């Protein structure tokens, strides 16, 4: 864990330049902030069989983001789906015909 006064954009850019993998955990506000700056390369969504009743949305309202499932990871009590952003021409051709 690291505490900083840098903006999310500067922090992420610096970590990427160092070749670091970045895992952002949070709700819709932080996700929306970095998504709008095109700083997300991959989404890993955890699906855990827990009934919450209420919760915070993962995404704010906004533009649609097309994702492609690239991996599924099974754990004892959860499933994690790994998704890449569907921004390449080949992917857009394959799925938007």
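Which one of these is at pLDDT 70 or above, assigned to a loop (DSSP other than H, G, I, E, B) and under 21 Å from residue 13 (Cα atoms): 39, 33?
Step by step, each of 39, 33 is checked, and only 39 is at pLDDT 70 or above, assigned to a loop (DSSP other than H, G, I, E, B) and under 21 Å from residue 13 (Cα atoms).
Restricting the search to the stretch 7-22, which residues are within 13 Å of residue 33 (Cβ to Cβ) and surrounded by fewer than 11 Cβ atoms within 10 Å (Cβ to Cβ)?
none
If you check every pair at least six apart or on different chains, which have Cβ atoms under 8 Å apart with a residue in the stretch 6-21 that is touching a residue at least 12 places away in the same chain (Cβ under 8 Å) first and a residue that is assigned to a helix (DSSP H, G or I) second?
Cβ pairs passing all conditions: 8/30; 8/33; 8/34; 9/34; 12/34.
The values are calculated or read from the model by the stated rules, or taken from the named source; none is laboratory data. A quick note: this is a predicted structure, and the numbers were derived from the prediction, not measured. With ideal geometry, Cβ positions are generated from the backbone for all residues, glycine too; neighbour counts draw on all protein chains shown.
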